[in-house]
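Novice: I am attaching a structure below and will ask some questions about it afterwards.
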Amino acid sequence: MTSVETNAPCPACGSTELSPFHQMKGIPALSCTIWDSVEEAKSCPQGDIELSLCQTCGLLVNTAFDPNLLHYDESYKASLHHSPLFTRYATGLATDLVDRYDLHEKLVAEIGCGKGDFLKMLVDQGNNRGIGFDPSYEIDPDEAPDDRLTFVKEFYTEAHLDFAPDLVIARQLLEHVEEPLEFMKGLRRTLGDRHDTIVVFEVPNALDMLQRADLWDVIYEHPIYFTPLALKRLLRSAGFDVHRVRPAFEGLFLIIEASPGAEAPANLEPVGHLLENDVAKFAAAYTDRVQKWRHRLDEIKAQGKRAVLWGSGARGDTFLNALRIHEEIPMVVDLNPNKWGKHMAGTGQPIHSPQDLKDHPPDLVVIANEIYLQEISASLSDMGIDAEILVA
Ligand SMILES: [Zn+2]
C-alpha cells in the first residue's frame, strides 16, 4: 500500500502517515436529510470522501472532511434509532451497565444524549440521577417531569463536568468528533483523580464495515471511523485504563469501557499494518461493485426497465450519489409517510409510498440494506408485484 505524507495529521495520534484507500466524490454532507424540491436536493451541500488508514493508530480518517458543510441542529434526525431491534439492544445495554457496575442511586452523565431515551433507561433501572448534554435536546411536552433528570441544551465542554459522575457514557458521538484526542484528554482532565468513574463509548465498528465490505456505510457525517485497535489506543493515549472493547448490536458497534488511569503510556507500537488486508479487500470490493453496477445500470437503461430504490436512508443516498444514478432509478419508495413528496439529497429522486408501485409495477427493486430483504420481498408479494430484487 502506498503511504502519503499529508499535511493534516491523524486527529487521534498525530501521525502524518496516512494511506488513502477509498474515494467518493460529491457525496451529500447530510445523508439523512431529504429536501422539498428537486432543485434544493441537487444543490444541497456536498463534499468528497477520501478515506485513509492511519498507519500508526489504525484509525480511518476522511482527509477531505470539511466541517463547514455540516450544520447539526434540531432538524437533524438520525434514522436508525426507532426500530424495535435497536430499542431492545439499548435496553439490554442499560441493564448490563447498571448490573455490572452496580449503578444504583448514583449519578450518570450522557454526552450527546439526543432526546434522553437512553439516559432515562439508566436512571429508571437503578433509580439513579442523570445529566444529559445535547444541543438538539427538545423538551417533550407529553413527558411527565422527572426531577432525577437534568438536560443541558449545549455541546458538552470541559466546563460542564465539574461534578462527580459515577458513569460517563457517549453513544454514536466520537465518530463525529474532529479532534478526538483533545476531546478525550479534556474528559480525562475533568475526571481528575476519580479513578473509579466508568467511561463508556459506543461507536460504529469500522472493522466490521471493512470486513463485510459494507460499502454504503461510509457517510460524510463521520470524519473518522474506529477500528477496535484505534479506539483502544485513543483512550489509552488520553490517560484511560481500558477494561474491555467488544463488538455489539450484531457486530455493527464497538463498546469500550474504561476508567481514568494513572498516566498515559509514553510509546505505543504502530498497529496500522494489522489492518492493511481489511482495507485492501474493502477497496477491491468497492471497485468491483461499482463496475458491476455501471454495467447493470446501462442494461436497465438499454432495456427500458422500470427500477426503483426501496429505502431513502443514508445508505440508499450514498449508493445513488456514489454512482451518480439519475434516470436509471428515477424513483425511491419508503415506508415513512414524513418522507413522501420529498427528494433524495444530491441526486433528487422523488420519494413515494410503496403503495404507489401498484399503479406502475417496477421490473426491478433495489434495496440498500440487506437486512430488510425478507420484509421488502413480503411487501411486494402482498401488493401482487413480481419484481426482481437486487441488493445495492
Ligand atoms: Zn492515528
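Novice: Considering each of Lys342, Lys358, Lys305 in turn, give the residue that is among the basic types (Lys, Arg) and within 18 Å of Asp36 (Cα to Cα).
Specialist: Among Lys342, Lys358, Lys305, only Lys342 is among the basic types (Lys, Arg) and within 18 Å of Asp36 (Cα to Cα).
Novice: Now, a different point. When only residues in the stretch 38-72 that are within 16 Å of the ligand (Cβ to nearest atom) and not in a loop (DSSP other than H, G, I, E, B) count, which is surrounded by the fewest Cβ atoms within 10 Å (Cβ to Cβ)?
Specialist: Here the residue is Glu50.
Novice: Taking the options Thr157, Thr197, name whichever one is modelled with pLDDT of 90 or more and among the hydroxyl-bearing types (Ser, Thr, Tyr).
Specialist: That would be Thr197, the only listed residue that is modelled with pLDDT of 90 or more and among the hydroxyl-bearing types (Ser, Thr, Tyr).
Novice: Follow-up. Among the residues that make up the stretch 263-279, is at least one of them more than 16 Å from the ligand (Cβ to nearest atom), surrounded by fewer than 21 Cβ atoms within 10 Å (Cβ to Cβ), within 27 Å of Leu335 (Cα to Cα) and free of Cβ contacts under 8 Å to residues at least 24 places away in the same chain?
Specialist: no
Novice: Look through the stretch 6-37, keep the residues that are over 11 Å from Tyr220 (Cβ atoms), of a type in the set (A, V, I, L, M, F, W, C) and modelled with pLDDT under 95, and return whichever of them is surrounded by the most Cβ atoms within 10 Å (Cβ to Cβ).
Specialist: By that ranking, first place goes to Ile34.
Novice: List the strands (runs of 3 or more DSSP E) that sit entirely inside the stretch 80-192 and contain at least 1 residues that are without any contact (Cβ under 8 Å) to a residue 40 or more places away in the chain and in contact with a Lys or Arg (Cβ under 8 Å, 6 or more places away or on another chain).
Specialist: Details: elements: 107-111, 129-133, 149-152, 167-171.
In the stretch 80-192, 129-133, 149-152 are the strands (runs of 3 or more DSSP E) which contain 1 or more residues that are without any contact (Cβ under 8 Å) to a residue 40 or more places away in the chain and in contact with a Lys or Arg (Cβ under 8 Å, 6 or more places away or on another chain).
Novice: Any residue in the stretch 347-370 that is surrounded by fewer than 21 Cβ atoms within 10 Å (Cβ to Cβ) and under 22 Å from the mean Cα position of the chain (by Cα)?
Specialist: yes
Novice: How many residues does the stretch 262-312 hold that are under 19 Å from Pro228 (Cα atoms) and part of a loop (DSSP other than H, G, I, E, B)?
Specialist: Quick first cut of the stretch 262-312, residues under 19 Å from Pro228 (Cα atoms) only: 264-265, 267-282.
The next check asks that each one be part of a loop (DSSP other than H, G, I, E, B); those that pass are 264-265, 267-271.
Residues in the stretch 262-312 being under 19 Å from Pro228 (Cα atoms) and part of a loop (DSSP other than H, G, I, E, B): 7 in total.
The values are calculated or read from the model by the stated rules, or taken from the named source; none is laboratory data. Keep in mind it's a predicted model, so treat the numbers as computed, not measured. Positions of Cβ are generated from backbone atoms using ideal geometry, with glycine treated the same way; all protein chains shown enter the neighbour counts.
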